[in-house]
1. Take the residues in the stretch 315-332 that are surrounded by fewer than 20 Cβ atoms within 10 Å (Cβ to Cβ) and of a type outside the set (Lys, Arg), then tell me which one is nearest to residue 241 (Cα to Cα).
2. Among the residues of the stretch 190-209, are any β-branched (Val, Ile, Thr), in contact (Cβ under 8 Å) with a residue 40 or more places away in the chain and in the same structural domain as residue 296 (by TED's automatic domain parsing)?
3. If residue 88 passes every condition in (1) at pLDDT 95 or above; (2) in contact with a helix residue (DSSP H, G or I) (Cβ under 6 Å, 6 or more places away or on another chain) but one, which one does it miss?
4. Looking at 152, 115, which is the one that is crowded, with 24+ Cβ neighbours inside 10 Å, part of a helix (DSSP H, G or I) and in contact with a strand residue (DSSP E or B) (Cβ under 9 Å, 6 or more places away or on another chain)?
5. Looking at residue 38, is it farther than 30 Å from residue 274 by Cβ and not hydroxyl-bearing (Ser, Thr, Tyr)?
Amino acid sequence: MEPTQRKMKILEAVVETYIRTGEPVGSKSLCEELDFSVSSATVRNDMAELASLGLLEQMHTSSGRVPTELGYRIYVDKLMKPVQLSQYEQTRINDVLYAVSDAPEHLLEGAASLLSHLTGCAAVAAAPSGDKAVIRKIKFVQTGGCTAMVVLITSTGSVKTRLFRCDFLITPELISMFEETFNERFCGRLVAEITPAFMQSSAVAFGEMSMLMSNVLLAVHEAAKEAASTGISIKGQSNLFTMPELVSADGKRVMELLGHSGELAKLLSSTGSKPSVLIGSEINNPALSNLSVIAFHYEANSECTGALALIGPVRMDYPRIVSSLEYVAGVVGSMLKDLLES
């Protein structure tokens, strides 16, 4: 075996042993993990050279070695082997997600819950951005003598509702008139186009009817505004507190970040459209400097794309977690496509 190839094998073994045990890895114990025969002295020398390259570090003079961020980076990019989920695991994932596939919001929330349970990490599901969403239909449902609800449905499967009250009795004829008038004006438009200025021009276009519609216009605008935002679902935050990598101060900063959907959306957008593994300082957020983020994007159609991500310790089981996340993202995309085409 070539020296360079041998060193990469040793780096792979150090990373996987440290992931499994959480203990610094010594040359003697590492020899038992290798699938080739080599002396402890050779392993010790190779580990020292890997340390000089910035791939391993020694926490204490007498301790073994642990991977550095760069060591993990090399492992993830070049050394780790994908894990094939068993047929049982795939069936279980499909069954759990199918049970919550009645609506996009339920499916994404269920996917986040499932991923946090499967991996022991915090899981984030980002709904498709409303920037490209088109209004498919606006429905009105009467809820009382003078109250009704607007239901706004978009091309990404998003369904937003708002209640409104009128100063007069709402009749089935008025409901039909609302639906005809608003669908003619709003259907086919981007949700992002439904601005205050557009609502004002709509009121002018409705003429005398706008006297009956002030609260209706407000409800439609609020529903469209919510549909234009990126919905974020996060599950398993408490899993992070079981990780020794997070001291109390770090844990507080992480929980504060996870409580802000805008920051999470910004984090996921920084991963781009391709599968991404960000390790430690690569995340470019001090609150997550001791963690890693793995993100996969799902796609139901050109307008319906979002992301699923896992947040966990740098010392995580990358092969299994990447495989689980990739599979779940694929199932979510397929189920969303079925929902949107139904």
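The values are calculated or read from the model by the stated rules, or taken from the named source; none is laboratory data. Owing to the predicted nature of the structure, the values given are computational and were not obtained by experimental measurement. Every residue, glycine as well, gets a Cβ built from its backbone with ideal geometry; the counts of neighbours run over all protein chains shown.
1. 317
2. For the stretch 190-209, residues β-branched (Val, Ile, Thr), in contact (Cβ under 8 Å) with a residue 40 or more places away in the chain and in the same structural domain as residue 296 (by TED's automatic domain parsing): absent.
3. Status for residue 88: all satisfied but (2).
4. One residue alone meets the criteria, 115.
5. yes
A quick yes/no check of all residues on (1) in contact with a helix residue (DSSP H, G or I) (Cβ under 8 Å, 6 or more places away or on another chain); (2) closer than 14 Å to residue 135 by Cβ; (3) surrounded by 17 or more Cβ atoms within 10 Å (Cβ to Cβ); (4) not assigned by TED's automatic domain parsing to the domain that holds residue 333:
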position	(1), (2), (3), (4)
165	yes, no, no, yes
170	no, no, yes, yes
175	no, no, no, yes
182	yes, yes, yes, yes
187	no, yes, no, yes
